[in-house]
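The structure under discussion appears below in the form of structure tokens.
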Amino acid sequence: MATKKEQEIKKGEERLENVESALSKTELWIEEHQKLIYGIIAAVIIIAGVIWGLKALNDRKDRNASKEIFTAQKYFEKESYEAALNGDGNYLGFTEVYDQYKSTKTGKLAAYYAGISYMKLGKYQEAIDYLNKFNGKDDILAPMALGAIGDCYMELDNTNEAAAYYEKAANKSKNDFTGPMFLTKAGMTYEILGDYAKALNCYKTIKADYPLSNEAFEISKNIANMEEKLK
């Protein structure tokens, strides 16, 4: 009868044989599929190269866009919105910067500026079109763009859409600046619509989530008014 030590040695040898067998099968599989493996590796390298190349190209385009947008921003600051939008014959306006560089961050920023410029000129549908092209992720600009769309809809007497966009703006980034500001606008718009329950919810959210904001200081009055109307 084999001793315990001999049994352990035998088990160890069996495990070693199993490992060797598995390695042999793996080696055989690799040998049989070498072309496939090399093809996959080559494809991965090519894809990585393409991704890197596209990123480098986009970065270069974004640098060019930043140069192109500079003059339009200066016109915007001077409230020369037509020149900011369409350029001055020597430099591009926001609409052209967007058309040429829409895949870049600066191109998307040009869409935001174009939207605000159209809004300032009273061209509200054009403003909505460009603001919808912005699609930014910035914690301030992204909700500001949505809120501006709400303002445009208010000017177009589409109060329902305005309220919806004010709420979208408030929820896009819950910071102490845009959050309570657009909740207040949403609440006031719901009041115009006669939807006092939704208005009340907006005001209560300001009090609960943004207690230190400027809007929260007098929001209790709004809450009381809505609760009275809901009786």
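Observations on the model:
- Links that overshoot a 22 Å alpha carbon limit, given the list Lys78/Lys185; Lys120/Lys174; Lys137/Lys174; Lys137/Lys207; Lys120/Lys198: Lys78/Lys185; Lys120/Lys174; Lys137/Lys207; Lys120/Lys198
- In this simple spin-label model, placing a label point 7 Å from the Cα along the Cα-to-Cβ direction at both Ser66 and Leu121 gives a separation of 2.8 nm.
- At full extension, Ala224 and Asn135 could sit 28.3 nm farther apart than now, given 0.36 nm per residue minus the alpha carbon distance.
- Amide H contacts of Gly87 (H built 1.01 Å from N, under 5 Å, at least 5 apart or other chain): Gly93, Phe94
- Cα convex hull of region 136-231, projected area averaged across orientations, nm²: 5.5
- Between the beta carbons of Asn160 and Ala197, assuming R0 = 22 Å, the FRET efficiency works out to 0.90 to the nearest 0.05.
- Two-site FRET efficiency, Ala208 against Glu79, from Cβ-Cβ distance with R₀ of 30 Å, rounded to 0.05: 0.20
Bear in mind that the values in this text are calculations on the coordinates, not laboratory data. As the structure is a prediction and not an experimental result, all values here were calculated from the model. Virtual Cβ from ideal backbone geometry, glycine too; neighbours counted across all protein chains shown.
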